[in-house]
Amino acid sequence: MTPVRRIVVVGLSASLAVGLSGCTMNELIWGADGAHVIDTTQRLIVAAAAGEAEGLVCAGSGPDLRDPADWEGLTAQEPERFVAAHWPEMAPHDPTWSINLSLPTSSVIAGAQYPGDVFYREVGGELCLVDIAWWTVQ
């Protein structure tokens with residue numbers, strides 16, 4: 001089987017599996033928990049871009065949400081269970097999950113700052129925002 005044919009077969013098989021199982025592609029790739037983190041992050045991006053993200057923030061947390069324009073065009077990327085060894089400065093916030101965000105290519109300008117990673121705590125089966133790691137485009 002040629003490499004192109006193999007890619008087509010794998011892609012069609014994955015699409016069929018998603019369609020038949022009722023899962024989303026994110027659930028297939030990241031599992032139900034990871035897909036929930038991605039969905040929550042997409043909601044956070046929309047809310048923060050509208051200046052209305054406070055409802056997603058954990059009680060007692062004060063993440064720096066900055067300007068709504070900083071959130072425009074961002075997309076959720078790869079969720080992972082929080083690992084304190086990777087983020088020791090975030091450990092005091094007791095997050096459960098972290099996920100990185102990506103900028104649209106039109107916003108990749110040297111010196112631009114953006115929310116590169118967000119951190120959530122799971123409370124009663126729901127996720128709330130505990131902190132944000134801001135990055136500067138080099």
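In table form, for the structure just shown:
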| read-out | value |
| --- | --- |
| Mean Cβ neighbour count within 10 Å, used as a protection proxy, ranking 105-114, 88-97, 33-42 highest first | 33-42, 88-97, 105-114 |
| Cα-based equivalent ellipsoid of region 42-116: semi-axis lengths in Å, sorted from largest, via gyration tensor | 21, 16, 11 |
| Per residue value of the accessible surface for region 15-138 (all protein chains in place, 1.4 Å probe), Å² | 54 |
| Environment charge at Ser102 (Cβ cut-off 12 Å; Lys +1, Arg +1, Asp -1, Glu -1) | -2 |
| Rounded percent of accessible protein surface that carbon and sulfur make up, region 31-76, 1.4 Å probe | 50 |
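The values are calculated or read from the model by the stated rules, or taken from the named source; none is laboratory data. Quick caveat: nothing in here was measured; it's all calculated off a predicted structure. So basically every Cβ, Gly included, is an ideal-geometry build from the backbone, and we count neighbours across all protein chains shown. Keep in mind that these areas ignore ligands, DNA and RNA; they rest on the heavy atoms of the full protein, side chains included. Shrake-Rupley method; radii C 1.70, N 1.55, O 1.52, S 1.80 Å.
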